[in-house]
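A.B. asks: Just dropping this structure here.
The values are calculated or read from the model by the stated rules, or taken from the named source; none is laboratory data. Everything numeric in this text was worked out from a predicted model, so none of it was measured. Every residue, glycine among them, receives a Cβ derived from its backbone with ideal geometry; neighbour counts consider all protein chains shown. Side chains included, ligands, DNA and RNA excluded: accessible areas come from the protein's heavy atoms. Shrake-Rupley method; radii C 1.70, N 1.55, O 1.52, S 1.80 Å.
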Amino acid sequence: MDGSKQGSAGKNGLSRRAFLEGGALTASVMALGAGLAGMAGCSNGASSSSGTTKEGTPSAEVGAGGSATGTPYEVYETDICIIGGGLAGIQAAMEAFDQGKNVIIVEKGPHGFGGVAGYNWDQFINFTRDDLPWDESGDFVLNELTNKKIAKATYEGWNHEQRNLLLNNSRLDNDLYQRDPETGEIQPLFDLPTLYGIYRGFPRHMLDKLGATGLKILDHTLASDVVVQDGTCTGVMGIHIPTGTFRVIRAKSTVCCTGASCWMYGWNTVAPMSINSPDNTGDIDAAAFRHGCALEGSEFFQNDLINIEPKGIAASFVSGIGADSGCCEYICDAEGNYFFKGMDYTTLNKITFTQAIAKCISEGHGTENGGVYVDFSTPEAFASIGETYIRNIELWKDVFGIDVEGIKLECGLEAYEHGGNPVVDETLMVEGLPGLFHARGGGYCGSQGGSSVNVAARNGAYATKKAIEYAEGVSLPPLDNDVVMAEYGRVYGLFDRSGGKRPQEIRRAIQMACYDACQPDRETSRMQAGIDELARIRKEDMPSMTLGDDSRVYNTDWKCAIENYNLLDIAEASAKAALFREETRGHMFRSEFPEQDDENWLCNVIEYYNDGDITCEKKAVVELDS
Amino acid sequence: MKVSVQKYDPSKDDAPYMREFEVEYHDNMTVLEALVQINDNQEPLVFDYSCRGRTCGRCAMALNGQACLACVTLVSENGKNEVTPLPGFPIVRDLIVDKTKMTDRIASIMVRQRAYPLELEEVLAPVDAETYKKIDPLEHCARCGVCTASCPVVAEIGMKNYIGPAGMIAIGLRYYDPYDQGDRIVEAVQNGMYNCTQCGTCDMVCKALEIDHQSLYKDLRAAAQERGLAPKEA
Ligand SMILES: Cc1cc2nc3c(=O)[nH]c(=O)nc-3n(C[C@H](O)[C@H](O)[C@H](O)COP(=O)(O)OP(=O)(O)OC[C@H]3O[C@@H](n4cnc5c(N)ncnc54)[C@H](O)[C@@H]3O)c2cc1C
Ligand code: FES
């Protein structure tokens, strides 16, 4: 690519926005590398057959009392099962398709509309422009807590061309990416040796392309547990939401691509303080956790500043107005102090941006709703609004009659990503559960607190490559009916409760308590109160949680109840890890421990689950030579 | 504030019925906020949403008979608020409909037709600026179905005879797409383009505000005319 071409070039070749965002990237945040495997083959590859369907009848003695008896369940069999058809799942599925494997994709939402990938949004993609070694790439930012072995292996899993997301996503039917409207020239935001980044990647094209492969997609299916036989993962189980049918998908290896568990992060009328999707409730992470696997990185989230009002579109990336480090000069506290002004911008990255705002709020200068203001009263400030938010200015006028130009907008820190995932080995296989691979494995994101589209893509493909290698060496054992019936009994048993709170009420309590412990402004007594509340919910509310609806057809009370177990486990692990880490690092500011403390905390934190008891431990960062 | 909502569970109910709820109003309250409030505090209501910002299309339904996206449509504090499922699609439960008869068709149209995979040089090469300006807005179609559910032609002759505005967006996007090698004009005519009366309803209801359906229809018709594909009477 032509290194002299610069997107939105300013005086020094890069616009101020590009500079700041680039600073953010190189100093420690946004994205890890890209990699799609062998996409060229997907338009002409042989179509792959899918699993077979059998019908079983659960035996009455293990079923959940009367409600379970006689209900048929479906059994599918395949080589590779991919849970979650989002950004990581697309690449995972394409990798298996290219290799001619039998694949089943289990997706909670409607195919094409699930998770973050299901938002048809103006996606920013980035990758390393030049062919650089893994540790010189700017497309993912190694941080002090990253598992270096995984970082190297996943980056090197693909060649330079495969890592080029512009090419690979275009081959998955993405369109023109951003162009100069006058000349039609391609217009990247960054065009540097270490980093190429550009807007206008619309992920739904890739989902269409995935659908066109003919791979079997079981959508509207909530995977609620993995099948574990003899200590090995041999597939996944769950509910087909529109019919309430129990499904068992048997697979030689399973790849978890279920996104970030941000739906636990607070609540504001229709959503948490997160732009992430309600589909992503950490279900399989929690399942692995309950099967004895450790989680890692749970104390870290990735934050962005976005509007709190109007409430119905609070923390909605695709209709909201946000402010990133490119707008920092226009951010002020409740008293009107523009606290970024005069800051050395070379130290400004996404993490220091979040920390500065969290510190301001922590010191009592936040707004009524716990945010800060972005002051759009000057034309320069208004012009600093980021690319993705620009189209929302008209929407605000059209729907709410609000003119963003000239107002002081109250904004809060939303969490778009979360770092908590099962600990994995170098092949992205979950430690302690052979056969289960994880596209966002714990320890990989380090203090960055989660993934980005290029990491999701690359890791999805890499995990699947390794899952295929693993599958080649194993054969499926006969299905253990007891294992199926245990999960069947657990989820259908939810119909047999009475007298307790509805799942929605419990969900809100989990979300508020999680937010108290995990928001960026972390204060020990509030965190402890959040943890105590989560423990109370576990002890008092969950055992009697009662559905308000006894239908098997699209029962959202039931769905919410099943997910609550998972959200609660992940929330409690995250809250406890957040409290455990007694320093300031990543997207958070801990007022009692305001400094980064490398002497004591240059380590990962992992959590274990023991019969409802969650404990934290330090774990050494995996370096290349460890 | 009063909100009435249509409910229906095909495994239990003979027919859909309306339920009325009292909802606590606040400024700028959306239909989605009202529904969540009812479901959280009063009784189970089945509906779907994800993005809260007109990009996933999952919250499409109707307010007072008009198809809309619940996440970006306001309720009226003192007026009528009657919430029903998206018209024209089979009801799965309460406010959830099965849109696959539309979305599956759009997805298969949207798959790019090409003889050989794209190469990097093609991707990096400049494109016609006018083409770019036409494609860019169409990218934002959420396939929510609000336009198709509002289309008087679809209502009268069915999606079989006219695919509806969202389908036309998909055809148009690939028609403009310089990398696509399919015959999208034939596809537009096949999918009932000439049955569209260009009444403009789709432009009125679409929340992807940058999309200008009418100019797309003009371009497609002009191209069909040039190819001699216009019907005799048109
Ligand atoms: C709104 C938003 C915008 C972003 N923009 C950018 C950007 O422009 N550039 C960038 O680099 N990064 C961006 N990020 C970060 C990046 O998009 C995410 O890291 C990325 O989408 C993660 O992909 P994923 O595959 O992990 O998750 P998703 O794409 O959300 O996929 C997860 C999938 O799993 C499914 N699923 C979840 N649970 C289950 C279950 N139990 N059973 C079955 N299926 C299940 C979901 O339905 C979903 O389809 C953004 C994040 C958000 C939230
Ligand atoms: S919730 Fe996505 S369009 Fe309304």
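A.B. asks: Excluding same-chain residues fewer than 8 positions from residue B:80, which lysines have a Cα within less than 17 Å of its Cα?
C.D. replies: Reachable lysines: B:2.
A.B. asks: Taking the DSSP beta bridges in the protein assembly as shown as the whole, what percent of them are antiparallel, to the nearest 5?
C.D. replies: Of all bridge pairs located within the protein assembly as shown, approximately 75 percent are antiparallel.
A.B. asks: Post the alpha-carbon centroid distance, region A:459-478 to region A:334-366, in whole angstrom.
C.D. replies: Result: 46 Å between the Cα centres.
A.B. asks: Pop a pseudo-label 7 angstrom from the Cα along the beta-carbon direction at both residue B:27 and residue A:536 and give the gap in nm to one decimal.
C.D. replies: Between residue B:27 and residue A:536, the label points sit 3.3 nm apart.
A.B. asks: Residue A:550 to residue B:14: FRET efficiency via 1/(1 + (r/R0)^6), r the Cβ-Cβ distance, R0 25 Å, to the nearest 0.05?
C.D. replies: 0.90
A.B. asks: Further, regarding this structure: Cβ neighbours within 10 Å, averaged per peptide: list A:200-208, A:533-541, A:458-466, A:472-480 in order, most packed at the top.
C.D. replies: Top of the packing list down: A:458-466, A:200-208, A:533-541, A:472-480.
A.B. asks: Note the angle between two axes, namely the Cα long axis of helix A:481-492 and the longest principal axis of the Cα atoms of chain A, as a number of degrees from 0 to 90, rounded to the nearest 10.
C.D. replies: Orientation of helix A:481-492: about 60 degrees from the principal axis.
A.B. asks: Taking Cα centroids, how far is region A:173-189 from region A:204-265 in Å?
C.D. replies: A separation of 35 Å, based on Cα centres.
A.B. asks: Could you grab the relative contact order for chain A? Cα pairs under 8 Å, six or more apart, rounded to a whole percent. Write out the running numbers ahead of the final one.
C.D. replies: Values: 1568 pairs, mean separation 123.2, N = 626.
Once divided by the residue count of chain A, the mean separation gives 20 percent.
A.B. asks: Principal axis lengths of chain B from Cα atoms, whole Å, largest first?
C.D. replies: 57, 41, 33
A.B. asks: Distance between Cα centroids, region A:521-535 to region B:31-76: provide it in whole Å.
C.D. replies: Each part reduced to its Cα centre gives a spacing of 33 Å.
A.B. asks: Taking square-rooted eigenvalues a ≥ b ≥ c of the alpha carbon gyration tensor, is region B:2-97 rounded, prolate or oblate, where a/c under 1.5 means rounded and, failing that, a/b exceeding b/c means prolate?
C.D. replies: oblate
A.B. asks: Separate question: Can you give the FRET efficiency for residue A:387 and residue A:343, using 1/(1 + (r/R0)^6), R0 = 22 Å, r = Cβ-Cβ distance, to the nearest 0.05?
C.D. replies: Plugging the Cβ-Cβ distance into 1/(1 + (r/R0)^6) gives 0.45.
A.B. asks: Roughly how many Å² of residue B:215 are accessible to a 1.4 Å probe, to the nearest 10?
C.D. replies: Residue B:215 exposes around 50 Å² with every protein chain in place.
A.B. asks: On a straight-distance basis, which aspartates and glutamates could pair with residue B:7 in a cross-link, Cα separation under 12 angstrom, same-chain partners fewer than 8 positions away excluded?
C.D. replies: Counting by Cα, and skipping residues close in sequence, residue B:7 has these aspartates and glutamates nearby: B:20, B:43, B:82, B:94.
A.B. asks: Could you give me the ³J(HN,Hα) list for region A:309-324, computed from phi with Karplus coefficients 6.51, -1.76, 1.60 and θ = phi - 60°, whole Hz, x at Gly and Pro?
C.D. replies: Per-residue couplings from phi come out as 10, x, 4, x, 10, 5, 6, 10, 4, 8, 9, x, 10, x, 9, 10 Hz.
A.B. asks: Helix-only mean residue ellipticity at 222 nm, chain B, DSSP H runs n ≥ 4 weighted -39,500 (n - 2.57), per residue, nearest 500. What is it?
C.D. replies: Theoretical 222 nm ellipticity from helices: -10000 deg cm²/dmol.
A.B. asks: Still on this model: Hey, any idea what % of region A:301-417's accessible area is carbon plus sulfur with a 1.4 Å probe? Kindly include the intermediate steps, with their values, before the conclusion.
C.D. replies: Values: 1920 of 3910 Å².
So the carbon and sulfur contribution to the accessible surface is 49 percent.
A.B. asks: Work out from phi, with θ = phi - 60° and the Karplus expression 6.51 cos²θ - 1.76 cosθ + 1.60, the ³J(HN,Hα) of each residue of region B:39-54, listed in order in whole Hz, and give x for Gly and Pro.
C.D. replies: 5, 6, 10, 10, 8, x, 9, 9, 8, 10, 6, 9, 7, 6, x, 6
A.B. asks: Restricting to DSSP H runs of at least four residues, report the calculated mean residue ellipticity at 222 nm for chain A, -39500 (n - 2.57) per run over all residues, nearest 500 deg cm²/dmol.
C.D. replies: Working: 16 runs with 177 residues, N = 626.
-8500 deg cm²/dmol, from helical runs alone.
A.B. asks: Please give the contour-minus-distance gain from residue B:98 to residue B:198: 0.36 nm per residue of separation, less the Cα-Cα distance, rounded to one decimal in nm. Display every interim value, and only then the final one.
C.D. replies: Working: separation 100, 0.36 × 100 = 36.00 nm, distance 2.67 nm.
Once the chain is fully extended between residue B:98 and residue B:198, it gains 33.3 nm.
A.B. asks: What would the Debye formula give as log10 I(q)/I(0) at q = 0.17, 0.28 Å⁻¹ for the alpha-carbon point model of region A:148-199, no solvent?
C.D. replies: Result of the Debye calculation: -0.65, -1.14.
A.B. asks: Let me ask another. Using modelled backbone amide H atoms (1.01 Å from N, in-plane), which distant-in-sequence or interchain residues come within less than 5 Å of residue A:259's amide H?
C.D. replies: The answer is none.
A.B. asks: Charges at C-beta only: +1 for Lys and Arg, -1 for Asp and Glu. How large is the resulting dipole of the protein assembly as shown about its Cα centre, in Debye rounded to 20?
C.D. replies: 1980 debye
A.B. asks: For residue A:619, which aspartates and glutamates qualify as cross-link partners when the Cα separation must be under 17 Å and same-chain residues fewer than eight apart are set aside?
C.D. replies: Within reach: A:144, A:296, A:299, A:425, A:426, A:431, A:582, A:583, A:597, A:598, A:599, A:607.
A.B. asks: Here's something else I'd like to know. Kindly write out, for region B:126-131 in residue order, the coupling ³J(HN,Hα) from the Karplus curve 6.51 cos²θ - 1.76 cosθ + 1.60 (θ = phi - 60°), rounded to whole Hz, with x marking Gly and Pro.
C.D. replies: My calculation for region B:126-131 gives x, 10, 4, 4, 5, 4 Hz in order.
A.B. asks: Sticking with this structure for a sec: Across region A:301-417, how many lysine pairs, 8 or more positions apart or on different chains, have C-alpha atoms separated by under 21 Å? Please give the number.
C.D. replies: 8
A.B. asks: Next question, about the same structure. Using a Förster distance of 25 angstrom, determine the FRET efficiency expected from the C-beta separation of residue A:469 and residue A:131, and round it to 0.05.
C.D. replies: 0.50
A.B. asks: First check a/c for the protein assembly as shown, with a ≥ b ≥ c the square roots of the eigenvalues of its C-alpha gyration tensor; if it is under 1.5, answer rounded, and if not, answer prolate when a/b is larger than b/c or oblate otherwise.
C.D. replies: Rounded, because the longest to shortest axis ratio a/c is under 1.5.
A.B. asks: With a 1.4 Å probe, what is the total accessible area buried between chains A and B, in Å² rounded to the nearest 100?
C.D. replies: In total, chains A and B hide about 5800 Å² from solvent.
A.B. asks: In addition: Mind checking the dipole of region B:2-97: about its Cα centre, +1 per Lys or Arg Cβ, -1 per Asp or Glu Cβ, Debye to the nearest 20?
C.D. replies: In total the dipole reaches around 360 debye.
A.B. asks: OK, next. Nearest 10 degrees, 0 to 90: what angle lies between the long axis of helix A:87-98 and the longest principal axis of chain A (Cα atoms)?
C.D. replies: Taking Cα atoms only, the helix is inclined about 60 degrees.
A.B. asks: Working from the alpha-carbon coordinates of region A:336-385, get Rg over Rh, Rh being the Kirkwood radius.
C.D. replies: The Rg/Rh ratio comes out at 0.97.
A.B. asks: For the Cα atoms of chain B, what angle does the longest principal axis make with the long axis of helix B:165-176, in degrees from 0 to 90, nearest 10?
C.D. replies: The angle comes out near 30 degrees.
A.B. asks: Let me ask something else about it. Would you mind checking the pairs A:101/A:252; A:209/B:160; A:148/A:466 and listing those with alpha carbons more than 20 angstrom apart?
C.D. replies: The answer is A:209/B:160.
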